[in-house]
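Heads up, the thing below is written out as structure tokens.
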Amino acid sequence: MNTFLIIYLIILISEAIISTILKYTWQAEEKWDEPWYNQKTEHQRNSSKILRFISDFLAFLVLYNFIIPISLYVTVEMQKFLGSFFIGWDLDLYHEESDQKAQVNTSDLNEELGQVEYVFTDKTGTLTENEMQFRECSINGMKYQEINGRLVPEGPTPDSSEGNLTYLNSLSHLNNLSHLTTSSSFRTSPENETELIKEHNLFFKAVSLCHTVQISNVHTDGIGDGPWQSNLAPSQLEYYASSPDEKALVEAAARIGIVFIGNSEETMEVKILGKLERYKLLHILEFDSDRRRMSVIVQAPSGEKLLFAKGAESSILPKCIGGEIEKTRIHVDEFALKGLRTLCIAFRQFTSKEYEEIDRRLFEARTALQQREEKLANVFQFIEKDLILLGATAVEDRLQDKVRETIEALRMAGIKVWVLTGDKHETAVSVSLSCGHFHRTMNILELINQKSDNECAEQLRQLARRITEDHVIQHGLVVDGTSLSLALREHEKLFMEVCRNCSAVLCCRMAPLQKAKVIRLIKISPEKPITLAVGDGANDVSMIQEAHVGIGIMGKEGRQAARNSDYAIARFKFLSKLLFVHGHFYYIRIATLVQYFFYKNVCFITPQFLYQFYCLFSQQTLYDSVYLTLYNICFTSLPILIYSLLEQHIDPHVLQNKPTLYRDISKNSLLSIKTFLYWTILGFTHAFIFFFGSYFLMGKDISLLGNGQMFGNWTFGTLVFTVMVITVTVKMALETHFWTWINHLVTWGSIIFYFVFSLFYGGILWPFLGSQNMYFVFIQLLSSGSAWFAIILMVVTCLFLDVVKKVFDRQLHPTSTEKAQLTETNSSIKCLDSMCCFPEGETACASVRRMLERVIGRCSPTHISRSWSASDPFYTNDRSILTLSTMDSSTY
């Protein structure tokens, strides 16, 4: 829009310069420089010619300044603000389970929803439900899975024969080994069995103590008295956690028999098979995205100082010096291949001297007045070392409903989807395959575990060659955080070349700032694509704010993402309607709004410019000052405003079921230079018809009134203005496809209001007006039959050109959207070749009427019969406020 304004500013200055030059050229003749009826004063004769030239130039600028649509900014802001309410009112974006509707935090980006080329999405909580279920674990190198409330060594199932099954039934009675049923494949000595149970005990103690979970302080007596508390009633115990992972792990430990029952500022209480143990909480080493782990330091009832740590395997395993590290690493990879989220658990025991040193360092770092964060990070690194690995956990996070369909629809719309996640490589790939981000037939390329710049560059060149050689096959790229850092450091162009040629990109083990850097890299690429980021947690805020459009998912990790986003929705599947329907409509509306404003202002001011050729460039205005003021405020403002709020050029169901229609508006196609020139030339053409049509009617000194009176200057201007108001209003009507009673009211009401106002304004002598130029002018104009005929003829002539263009464009070069308007057999619209359906027994003029309906792409909603099937993708019942119209609901 700013580019268009600059062009129109150039047109304004050019018209002013041309008018000023022609004025002085004309006045070069002495008879026109100082005619007998307009003698100059002595001051005018002696004034500087340069000053007079500048003064005249500025006067023409003021005369023509209405070509710059200042009111466009006001209308655009009103359209954006009022239009944003439709998203919140859309019942298809309402999630009944959580009682959440879509939220709009900014209204400035509505049209950007129709221009998205890249979608960057988080995985956990965005593509998945963020409802974690404990599934498996690895304890001291041995894998277990939870089945029916019991830990079972991996391999057998509860239905296996009794002789081949080993259960860990309980942690109770450490000296009573009857609870460990052994088979021929799993026989240990009593000492080993006791050690095994102690290892399990320590592992789940770490799970129950290393967290920030809060608990509902209800009845805790009797909780944890027996083994495997799988039937805990919610009324007895309820955990609250900022992270669903922590909640799932604490609940799993409670089912096993180690129940976290509360904490205070200094103590954490745990019931181990009915026996209450109090651990003094000494320090919490909070989780951060750089360390990717958290730790707690507690004092056991025996007086031992223990550190329990949990985090990603990449942050825990390198810090371990004991435990089954290699076996656990293998198990973690196996868990990840199943799409499970993994955490490693480790501990460390401090001597009194070690703890005193740690306590002192922590106190100094936390009370530092400068560089506190850096000092704390250094202390945390000093503490979290020499760990003993206890094992790993694996929790499942299932996909949200319709994620696969939504991602596939985005791909069909020409939108590239990137998944940015902090999960392990194998977990991320498994989820990408299950959600349809990666296809089984897709060639998956990998850029992982790169150690140096040279190695990363060589791998990127190999990937680029593979893509070039297999250009027919779709490619997907997997890149981890470490390799991404190397790629962005020295090889941005090569990395971008590989990414642009891939249909899908998966970035795993990503830090929050890395997510933002990736989005910024795409934003500043030569193509300057519109980016959209979707996330649900605080760690997604940086990428949400970096993207052009930020979408927050109102999930289970608080509301930071939703509060920092431009739009907030409850589920990922709602993204399809937000882009394909709302985004499509908003872009169409704002594009037409901008073009139409420039068009009607060209129509408005060009006759003023042409009139100067017939008044010796005297700066005489063609229109009355009241008309100049009210043209954009009253006479032509409401039709375009209502259009920009309610227009639906195609049914919302069709837009959502045909994502490819989104491509028709991509790359800002409706605000291209070609479209802009068409509207501008159309405006100049109509303005020439207004002016010269009126001039040929009245310019021959012929009386058009029965009493022989002649029309004057103000009548001529009023005739031009009347034709112009009717033409630009009906032009807006031709652009409208979706008619409601509001559209009819403002469209035809604007024309009626103009006539009523002009009759009222010109029919009374207004005492507060300095001049009465318009008195009886409009009444006198309408009393002429020739004037009425000229008005109708000029309006038809102007609009006929536009209608002819529409006919040829729709017949010879129809867009996908125009084809969908005319024929849509797959969406169950019961029409043969048009959106308009007519009953049998049509008249002979039916074909002509059908062609006219095609031309304007519109039909009466009552003639449309829809029967949307339950198999329609995404939504089976459109409850959007967008579709509330005069359609008969019984036809659905």
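Considering only C-alpha atoms, what is the centroid distance from region 596-644 to region 351-419, in Å?
Answer, in whole Å: 63.
Given the pairs 319/573; 416/731; 573/805; 101/247, which are separated by over 31 angstrom at their Cα positions? Could you put the intermediate results ahead of the total?
Numbers: 319/573 40 Å; 416/731 38 Å; 573/805 39 Å; 101/247 26 Å.
Table pairs above 31 Å Cα-Cα are 319/573; 416/731; 573/805.
How many nm separate the modelled label positions at residue 52 and residue 819, each set 7 Å beyond the Cα in the direction of the Cβ?
Distance between label points: 6.5 nm.
What whole-number distance in Å separates the alpha-carbon centres of region 96-144 and region 465-517?
Computed from Cα coordinates, the inter-centre distance equals 22 Å.
To the nearest 10 square angstrom, how much accessible area does residue 302 have with a 1.4 angstrom probe?
Per-residue accessible area (residue 302): approximately 90 Å².
Using a 1.4 Å probe over the heavy atoms of the protein chains, calculate the carbon and sulfur portion of the accessible area of region 620-753 as a whole percent.
Here carbon and sulfur together make up 69 percent of the probe-accessible area.
Using only the Cα atoms of region 513-556, build the gyration tensor, take square roots of its eigenvalues as a ≥ b ≥ c, and label the shape rounded, prolate or oblate: rounded if a/c is under 1.5, else prolate if a/b is larger than b/c, else oblate. Present the calculation step by step, with values, prior to reporting the outcome.
Working: a/c = 3.94, a/b = 1.92, b/c = 2.06.
Oblate.
Just to check I understand the Karplus step: with θ = phi - 60° and J = 6.51 cos²θ - 1.76 cosθ + 1.60, what whole-Hz values come out for region 114-126, glycine and proline as x?
So the Karplus estimates, Gly and Pro as x, are x, 10, 5, 10, 10, 10, 10, 10, 6, 9, 5, x, 9 Hz.
The values are calculated or read from the model by the stated rules, or taken from the named source; none is laboratory data. What you see is a predicted model; the values in this text were computed from it and never measured. With ideal geometry, Cβ positions are generated from the backbone for all residues, glycine too; neighbour counts draw on all protein chains shown. Surface accessibility is based on the protein's heavy atoms, side chains included, excluding ligands, DNA and RNA. Shrake-Rupley method; radii C 1.70, N 1.55, O 1.52, S 1.80 Å.
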